[in-house]
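Here's the structure, in structure tokens; my notes come after.
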Amino acid sequence: VDEGINAIRKELERRGEWDNTLVMFCSDNGGSIGWASPLPGNAPVSGHKGSYLLGGTRVPLLIHWPKGNLRAGLNPQLASTMD
């Protein structure tokens, strides 16, 4: 994932579009359940992928927009990326 995102960033820089591009990165649901999963658990919240508990719905959302268009820091507001 890191290499893919870096390739996109480099291409945007090559085209001169990096400073004009809003980049958002998120997941689509919580982590899997079970011992066979290579993914980390969802602690400290309960639930898992497929459940309506926080562990099944809360995911990271990272946003990058150069040139000071966004304030740095954490925001506790809810967001939806419904498809």
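The values are calculated or read from the model by the stated rules, or taken from the named source; none is laboratory data. None of these values were measured; they are calculated from a predicted model. Neighbour counts are summed over all protein chains in view; Cβ atoms, including those assigned to glycine, are modelled from backbone coordinates with ideal geometry. What goes into the accessible areas is simple: the full protein's heavy atoms, side chains included, and nothing from ligands, DNA or RNA. Shrake-Rupley method; radii C 1.70, N 1.55, O 1.52, S 1.80 Å.
Taking residues in the stretch 58-76 that are more than 22 Å from V45 (Cβ to Cβ), and partners anywhere that are of a type in the set (A, V, I, L, M) and open to solvent by less than 90 Å² (accessible area, probe 1.4 Å), the pairs with Cβ atoms closer than 7 Å and at least 6 places apart or on different chains are H64/V23; W65/L22; L70/I63. Looking only at the stretch 29-67, which residues are at pLDDT below 75 and open to solvent by 70 Å² or more (accessible area, probe 1.4 Å)? Listed by number, the residues that qualify are I33, W35, A36, P38, L39, P40, A43, K67. Just give me the residues in the stretch 68-83 being loosely packed, with under 10 Cβ neighbours inside 10 Å and more than 25 Å from D28 (Cβ to Cβ), in sequence order. Listed by number, the residues that qualify are G68, R71, A72. Scanning the stretch 55-82 for residues being assigned to a loop (DSSP other than H, G, I, E, B), of a type outside the set (A, V, I, L, M, F, W, C) and under 15 Å from the mean Cα position of the chain (by Cα) gives a total of 8.
Inspection of the stretch 4-19 identifies no residue that is over 13 Å from the mean Cα position of the chain (by Cα), open to solvent by 70 Å² or more (accessible area, probe 1.4 Å) and at pLDDT below 80.
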